[in-house]
Amino acid sequence: MVIGKADVSWTGSTLIVARTTELAEQLLTDGELRCPLCNTGQLVAWGYGRQRIVRDRDGTTVTLRPRRTRCRSCSSTHIVMPAALQPRHADTTAVIGTALLHKANGLGHRRIATVIDRPVSTVRRWLRRLSPAHLERIYQDGTRQLLALDPDTFTALRNTGNTLHHALSILSAAAYWDRHRYALDDPPWTLIGLYTRGRLLAAPG
Ligand SMILES: [Zn+2]
């Protein structure tokens, strides 16, 4: 769980999501990154994962070699991903998030693909990952954050029946208050990537 000025979050036991790569490296150096599997073991640097090139907005790319870590207690290994990126996706959290926002505002997958300059098949695949169960999950991720940051805003945000729109509103409000309260300069989509633990879209299958 991530509450307030959080630096890391995780899904399952193999993936750790960090607000930034630099922050994760600092936590590793300081011995303050804990194992998500056994909960107590200290994680140490353990090489890197495969290098990836990820598409960002405006035609730019981000190159990343994700840090691999190993637990000193249980020997399990974990990949650390910056929250600006999504595991197993070739587009950044901001690109995928923007597509979801367009969907929430009523655009179809073809129109979204044109607006964000991505293949129709890619956008269609993303939108198929928005099952009711997944929407509930990201809504809960956002709710936990926003209730901890500003309960009044949570109360003021009404669900008008558009579940995706509501979930994104809650997540955006949480990012707003996190940035405001803790003077964070991380882009809102990065914080939303952190809250949703690297799973803005449901995992395949
Ligand atoms: Zn461990």
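Excluding residue 69 itself, what net charge comes from residues whose Cβ is under 14 Å from its Cβ, given Lys and Arg +1 and Asp and Glu -1?
+3
Can you give the alpha-carbon Rg of region 8-82 over 2.2 N^0.38 Å, where N counts its residues?
Against the compact-globule rule of thumb, the ratio is 1.13.
For region 26-64 and region 93-125, write down the distance between their C-alpha centroids in whole Å.
27 Å
Counting only protein heavy atoms and using a 1.4 Å probe, what share of the accessible area of the chain belongs to carbon plus sulfur, as a whole percent?
50 percent
What ranking of 48, 139 comes out by heavy-atom accessible area, probe 1.4 Å, highest first?
The ranking, largest first, comes out as 48, 139.
Per residue, how many Å² of accessible area does region 42-146 show with a 1.4 Å probe?
Averaged over the residues of region 42-146, the accessible area is 51 Å².
Over the chain, what is the relative contact order in percent, taking alpha-carbon pairs closer than 8 angstrom and at least six residues apart?
Normalised by residue count, the contact order of the chain is 23 percent.
Using just the alpha carbons, could you tell me how many Å³ per residue the convex hull of the chain encloses?
121 Å³
Nearest-5 percent of antiparallel DSSP beta bridges in the chain?
80 percent
Which is the longest stretch in the chain that no exposed loop site breaks, taking sites as trypsin sites (Lys or Arg not before Pro) with a DSSP loop state and at most 10 other Cβ atoms within 10 Å?
51-157
The values are calculated or read from the model by the stated rules, or taken from the named source; none is laboratory data. The model shown is predicted, which means the values in this text are computed figures rather than measured ones. For neighbour counting, all protein chains shown are included, and Cβ atoms are generated from backbone atoms with ideal geometry for every residue, glycine included. Ligands, DNA and RNA are stripped out before the accessible areas are found, and what is left, the full protein with its side chains, is counted by its heavy atoms. Shrake-Rupley method; radii C 1.70, N 1.55, O 1.52, S 1.80 Å.
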